[in-house]
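Reviewing the structure listed below.
Read-outs: derived from the displayed coordinates by stated rules, not from any lab. Everything quoted here is computed from the prediction, not taken from an experiment. No Cβ is skipped: glycine too gets one built from the backbone with ideal geometry, and neighbour counts run over all protein chains shown.
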Amino acid sequence: MFTKAGVIVEKEVTTLENKQEQKEIPSIYSLRIEELEAWLKGNDEPKFRANQIFEWLYSKRISTFEEMTNVSKGLQEKLANAFTLTTLKTIVKQESKDGTIKFLFELHDGYSIETVLMRHDYGNSVCVTTQVGCRIGCTFCASTLGGLKRNLEAGEIVAQVVNVQKALDEKGERVSHVVIMGIGEPFDNYDNMLSFLKIINHDKALNIGARHITVSTSGIIPKIYAFADEQLQINFALSLHAPNTELRSKLMPINRAYKLPDLMEAIRYYIKKTGRRVSFEYGLFGGENDSVMHAEELAALIKGIKCHVNLIPVNYVPERNYVRTPKDQIFEFERTLKKHGINVTIRREHGSDIDAACGQLRAKERKEETK
Ligand code: SAH
C-alpha cells in the first residue's frame, strides 16, 4: 500500500499470462435462488438449505464455505467442490476526498475490471462492470479501447456489489443503489445481466429494490424490447448523445446498425409497456453536439416522451480527442431544454481526483489489456 496525492492505493502485481490457464469453476454468486434449490435437489440435499446458504453469502457475507456453521460438513464440501466463493481479488483501491472509492478487481483468469462506490445524499451507489472491455466502439469512451475480451458471469457482477458491501461493513454502511454503468455494454451480456438483477434484487440476497437499480445501454434495440417485456421496475437509461441519426452514427458506430428513429420507437414501446420514464444520457462533447441548435433539435426529438435528460460534461480520455464544453455553454444547453419543459440535470462529478471515469483506471493500470 502506498499514498499518492492523498489517494490510498493497494497494489499487487500479477502477470496476465500465467493466470489465464487457471481452471474455471463456477461462482456460487452466479446462481439465482431457484437454481441453487435445483442444484441442492440434484445433490440429495433439502431445498430449504438454499435460504440458509443465501443468508451466509449475502447477509453474513462469509469468505469460506467452512463458515456456514448450520450447514453440514458434507454439504460444505460438496459446495466447495462445485463452486468458488472469492472470485475477485482487489488489486487497487483508490479513495477520493469526496468519499468515492474505486476498485480494480482481478478475475480468476487475470483480466481486470473496475467498480466504483459513489456517495450521494440519498445513499451509497455502486457502479458495476458487465464485460471485460466492450465491442461497441463509442468514439469517446475509454472502456472500448482494446475491444471486448469476454463477458462477465452473473456471479462476477454480483461479487462486485458484495465486495463493495464488505468494504462498507467496516464503516457500518449499506449499498443502497446499483447502477450498471461501468465497463461493457450490459445488453450485450443480456442473460447474465438479467440474472445479476434478479439476484441482487432478491429479498434473501442483497434486497436492493428495483427502483434503486439503473441499467444503461448504448441502444441494442432487440434487447430493449426484451427488457421491456420483463416488466421490471428497474430504472432504464439510454446513452443518446446526439439529436439526429447522422451525428449519432459519427459518435457511436452502433447507430449504423440500430438507427435513431428505430431506437426512439423502441423507447416508446418500453415506456408504454412499463409505465416508467426513461433517462437519456447526453454527453457534451466540445464542438460536436453541444450548441443551442443541438439542444433545440434534442428537445424536438424527445418531445412528448416521458423522460429525464442527464447532461454529462465529457470525461477527458487521453486516447480520445474530445474537449470539454465551456461551463456557460453547458448552462445554456440546459436552459434551452428547460424552456421546452424537459426535465434535465447536469451530472455531478465523482472522484475527479482519482481515475473515476469508466475504464480509465483499467486503461492506466493494465495497458496490455486495453491496447
Ligand atoms: N455501455 C453502456 C453502459 C455505460 S454507462 C452505455 O453505453 O450506456 C456510461 C455512460 O458514460 C454512457 O452514457 C457512456 O456513453 C458515457 N461515457 C463514456 N465515455 C464517456 C466520456 N469520455 N465522457 C462522458 N461520458 C462518457
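Values as computed for the structure displayed
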{"read-out": "Neighbourhood charge, 15 Å Cβ-Cβ cut-off, centred on Gly286 and excluding it, Lys, Arg +1 and Asp, Glu -1", "value": "0"}
{"read-out": "Amide proton proximity set for Cys141, modelled H, under 5 Å, gap of 5+", "value": "none"}
{"read-out": "Per-residue Cβ neighbour rank within 10 angstrom, fewest leading, Glu156, Glu67", "value": "Glu67, Glu156"}
{"read-out": "Summed residue charge, Cβ within 14 Å of Tyr58's Cβ, Lys/Arg positive, Asp/Glu negative", "value": "+3"}
{"read-out": "Residue exposure sequence - Cys307, Cys134 - by fewest surrounding Cβ within 10 Å", "value": "Cys307, Cys134"}
{"read-out": "In nm, spacing of pseudo-spin labels at Arg61 and Glu230 (7 Å Cα→C-beta vector)", "value": "2.4 nm"}
{"read-out": "Ordering of 123-129, 166-172 by burial proxy (mean other Cβ atoms within 10 Å per residue, highest first)", "value": "123-129, 166-172"}
{"read-out": "Volume in Å³ per residue [convex hull over Cα atoms, computed for the range 28-100]", "value": "109 Å³"}
{"read-out": "Net charge of Cβ neighbours under 14 Å - reference Glu185; Lys, Arg +1; Asp, Glu -1", "value": "+1"}
{"read-out": "Likely footprinting exposure, Ile157, Ile53, Ile101, fewest C-beta neighbours within 10 Å first", "value": "Ile101, Ile53, Ile157"}
{"read-out": "Whole-Hz ³J(HN,Hα) from phi, Karplus 6.51 cos²θ - 1.76 cosθ + 1.60, for the range 51-68, glycine and proline x", "value": "4, 5, 5, 4, 4, 5, 6, 9, 9, 8, 6, 6, 10, 9, 5, 4, 6, 7"}
{"read-out": "Average silhouette area of the chain, convex hull of alpha-carbon atoms, in square nanometres", "value": "18.9 nm²"}
{"read-out": "Amide H within-cut-off set for Ser27, under 5 Å, with H built and near neighbours excluded", "value": "Thr84"}
{"read-out": "Value at 222 nm in deg cm²/dmol, rounded to 500, when DSSP H runs of n ≥ 4 in the chain each add -39,500 (n - 2.57)", "value": "-9500 deg cm²/dmol"}
